[in-house]
1. Can you name the condition, by its number, that residue 9 falls short on among (1) at pLDDT 80 or above; (2) under 21 Å from the mean Cα position of the chain (by Cα)?
2. Give the stretch 62-102 a look and list any residue that's exposed (fewer than 11 other Cβ atoms within 10 Å of the Cβ), assigned to a helix (DSSP H, G or I) and among the hydroxyl-bearing types (Ser, Thr, Tyr), or say none.
3. Anything in the stretch 26-61 that is touching an Asp or Glu at 6+ places or on another chain (Cβ under 9 Å) and part of a strand (DSSP E or B)? List them, or say none.
4. Do we find a residue being among the polar types (S, T, N, Q) and over 22 Å from residue 29 (Cα atoms) anywhere in the stretch 70-90?
5. So which residues in the stretch 99-129 are over 30 Å from residue 88 (Cβ atoms) and either touching a residue at least 24 places away in the same chain (Cβ under 8 Å) or of a type in the set (Gly, Ala, Ser) (or both)?
Amino acid sequence: MFAVLFFSLTVFVTLGRHCASVCWLQIQEFGVTEIRDLKPNGRNIRVTEENKKEYVKLVCQMKMTGAIQKQLQSFLDGFYSIIPKRLISIFNEQELELLISGLPTFDIDDLRTNTEYHKYQATSLQVRS
C-alpha cells in the first residue's frame, strides 16, 4: 500500500502536471468510508503546481497518522493508564524504546550464567532446542 502511494506521489511531483484533485482523502476506518479534508476547507482547494508539495506532505501525514488517529489515541490512553504521561515525558524516543524493549543484542553467555531453571535444567531438551 505505501509503495504504491510513494510511487504515485513521486510521479505526481516529478511530472509537474496540473492536477484536478482537491485537498481531501477518502479514508476507510473500522469498515466505514469517509471523506476527510487534508486542511480546513480542503475539498474546495484545487491542487496546483504551487501547492502540490504541501498536498503530498498532507497526504503522507494523513496516511501515516491521521488515518489511524482513533486507534493511536486508544493505544496512548491505555499506555498512559499504565504509565502516566508525566512520568515518561522525561525520556526521548530512543530512551523509552530501550526501557521498554531492552538492548537490541543479547549476550547468550550472560543469559546462560544468570538463568534460573524451575522444573527444567540447562540440559533439558526444551532448553537446548
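The values are calculated or read from the model by the stated rules, or taken from the named source; none is laboratory data. These numbers come from a predicted model, not from an experiment. Quick reminder, even Gly has a Cβ in these numbers, built from the backbone with ideal geometry, and neighbours come from all protein chains shown.
1. That leaves (1) as the condition not met.
2. Passing the criteria: 81, 101.
3. 26, 27, 28
4. The answer is yes; a qualifying residue exists.
5. Passing the criteria: 122, 124, 129.
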